[in-house]
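Step one of this worksheet: look at the structure below.
The values are calculated or read from the model by the stated rules, or taken from the named source; none is laboratory data. Predicted model, so just to flag it, every value in this text is computed and none were measured. Backbone-built Cβ (ideal geometry, glycine too); neighbour counts: all protein chains shown.
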Amino acid sequence: MQNAPSAASACIFRSENERERQCGRSMKFAINFGANVTAFLLSVFLSVWMTPFIVKTLGVEAFGFVHLTQNIINYFSIITVALSSVVVRFFSVAAHRGNRDEANAYVSNYLAASVVISLLLAVPLAGTAFFIDRIMNVPAGLLTDVRLSIVIGSVLFMLTFFMAGFATGPFFANKLYITSSIQAVQMLVRVLCVLALFTFLPPKIWQIQLSALAGAVCAAVLTFFFFKKLIPWFSFRRKALSLQTSKVLFSAGAWSSVNQIGVLLFLQIDLMTANLVLGPSEAGIYAAIIQFPLLLRSLAGTLASLFAPVLTSCYSKGDMEGLLSYANKAVRLNGLLLALPAALLGGLAEPFLSIWLGPSFVQTAPILYIHAAYLAVSLSVMPLFYVWTAFNKQKTPAVVTLCLGGLNVLLAVVLSGPAHLGLYGITIAGAVSLILKNAVFTPLYVSHITGFQKTAFYKGMFGPLAAAVFAWAVCRGIQLFSPLDSWTGLIAAGLAVCVSYAAFAFFFICTKEERRLALQKCRKVKGAVQI
């Protein structure tokens with residue numbers, strides 16, 4: 001009987017610790033989320049403002065090569081991703097387990113290897129710049145600018161590769177708001193440089209890449225500074241360099257390279273297909289149209305990364321039940337956050353394109369319909385990617401991604417060319433392939449490697465999909481009663497949809513406990529404001 005009170009006290013103590021841990025996670029997630037959304041909104045604003053400016057200044061054909069040249073350079077990430085994709089995981093797992101020397105060795109080996117690989121890649125990158133006119137259709141008048149863009153973009157690529165080793169700091173500390181803030185600074189520097197160069201020099205394509213490089217240099221300085229603040233115990237040690245450690249990273253990352261081939265076939269092949277099959281002008285139009293689908297994909301990747309530190313921590317500590325619970329919440333919350341912009345993108349496509357790029361682009365609105373629909377379905381599960389990364393089970397996802405990426409290319413060429421669907425064929429191909437990969441394969445595979453039932457990770461997908469359909473219906477309903485022909489009207493409509501969406505999600509998608517917590521936090525905020 002004497003042990004009963006102490007047992008009860010221990011139970012209460014554990015419960016309090018668990019609540020404190022959950023509160024800490026929620027607080028860090030809220031801060032990280034706020035910073036990421038702010039950075040995303042800034043990127044949206046800059047894209048809305050800069051894209052028409054660049055299109056009108058350079059022309060739609062030249063604008064297409066702004067993205068095409070970067071896509072060409074990104075193909076070399078097949079090699080670099082073997083290291084950059086796994087160093088964060090190995091460093092974090094070792095550091096969470098208290099093995100600082102081991103964690104130190106992983107970053108040291110990464111930095112040394114990244115320098116060697118960058119020097120080796122310099123030759124093929126230079127060759128790509130010289131022979132670019134043999135790789136894709138480049139008008140003679142743009143050839144020199146395109147070549148120079150690739151040279152500058154290659155320097156940017158190598159700098160980004162090297163600095164990926166220092167991204168381990170914010171990830172390990174679960175302070176991803178630092179990364180988002182640095183990205184915001186990088187974007188602002190890039191835009192300011194573009195404006196300055198376009199103002200004082202004749203506008204050229206390569207100036208955009210030069211501006212991006214200037215932003216990346218600023219970001220590199222800030223990244224290194226915060227890395228040293230967050231990981232003061234790190235120091236580059238020649239003694240830590242070993243072929244064995246590098247082999248561990250390369251072995252784990254080998255399948256990431258295979259996966260990256262598939263990713264490139266998903267994300268980086270559409271503009272190339274448009275250029276080779278439909279011509280530079282169509283590629284330029286498509287480059288302008290897909291700005292916001294690409295931003296939405298970028299947002300999805302960024303939001304998914306917010307859940308990665310906790311998922312990695314759960315795996316490191318062997319907490320499989322905690323991983324299951326957190327992963328399901330991550331999928332649902334991630335889906336709810338992405339369903340709204342996807343619905344806005346599809347539901348307001350015509351007035352947005354008309355106001356943004358001009359009435360001539362309204363006819364391409366169905367492209368945004370397709371993008372919005374399949375992104376709303378397929379992006380919610382992206383936090384699950386970090387489960388197989390934590391488990392270091394990347395072989396099967398890599399093979400599946402490669403096969404479905406090949407399917408995407410095949411469908412894109414056939415549908416855009418022989419089937420005469422043009423840009424719509426390229427978009428449909430991406431929709432089919434990504435739904436198969438994300439919405440079908442990913443939840444099934446994660447349930448397999450974690451040992452849970454097959455439907456364990458599908459729970460969070462359906463609520464966000466219902467919310468997206470609701471938001472889309474509100475968008476279409478508003479247009480029936482009020483024509484949207486100005487930025488003021490479009491923004492007002494968007495805000496109305498956001499309010500309706502929030503109410504729908506709160507009352508019909510959120511659980512009773514989540515509604516209670518939301519109201520509780522609102523009362524705290526209200527009380528703090530009154531004080």
One residue from Ser298, Ser325 being under 25 Å from Ala184 (Cβ atoms), polar (S, T, N, Q) and not assigned by TED's automatic domain parsing to the domain that holds Asn174:
Ser298
Could you tell me whether Ser380 is touching a helix residue (DSSP H, G or I) at 6+ places or on another chain (Cβ under 9 Å), in contact (Cβ under 8 Å) with a residue 60 or more places away in the chain and surrounded by fewer than 23 Cβ atoms within 10 Å (Cβ to Cβ)?
no
Counting only residues in segment 163-219 that are in contact with a helix residue (DSSP H, G or I) (Cβ under 9 Å, 6 or more places away or on another chain) and among the hydroxyl-bearing types (Ser, Thr, Tyr), the one farthest from Phe45 (Cα to Cα) is identified as Thr168
Subset of segment 133-145 (residues that are over 21 Å from Pro202 (Cβ atoms), in a helix (DSSP H, G or I) and within 29 Å of the chain's Cα centre (by Cα))
Ile135
Take residues that are polar (S, T, N, Q) and tell me which of the helices (runs of 4 or more DSSP H) falling wholly in segment 358-428 contain 3 or more.
395-416
Residue list for segment 470-490, restricted to those being within 15 Å of Glu350 (Cα to Cα) and under 25 Å from the mean Cα position of the chain (by Cα)
Trp472
Hits in segment 178-207 - residues which are farther than 18 Å from Leu295 by Cα, within 24 Å of the chain's Cα centre (by Cα) and crowded, with 20+ Cβ neighbours inside 10 Å
Ile178, Val194
Matching residues in segment 99-122 (closer than 17 Å to Ser235 by Cα and crowded, with 16+ Cβ neighbours inside 10 Å) number 13
Between Phe481, Phe452, which is in the same structural domain as Val377 (by TED's automatic domain parsing), without any contact (Cβ under 8 Å) to a residue 40 or more places away in the chain and among the hydrophobic types (A, V, I, L, M, F, W, C)?
Phe481
Would you call Arg89 among the basic types (Lys, Arg) and modelled with pLDDT of 75 or more?
no
Within segment 508-518, track down each residue that is under 15 Å from Pro464 (Cβ atoms) and in a helix (DSSP H, G or I).
Phe508, Ile509, Glu514
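Which of the residues belonging to segment 192-206 are assigned to a helix (DSSP H, G or I) and closer than 18 Å to Gly141 by Cα?
Going through segment 192-206, the residues assigned to a helix (DSSP H, G or I) turn out to be 192-200, 206.
Within segment 192-206, just Trp206 meets the criteria.
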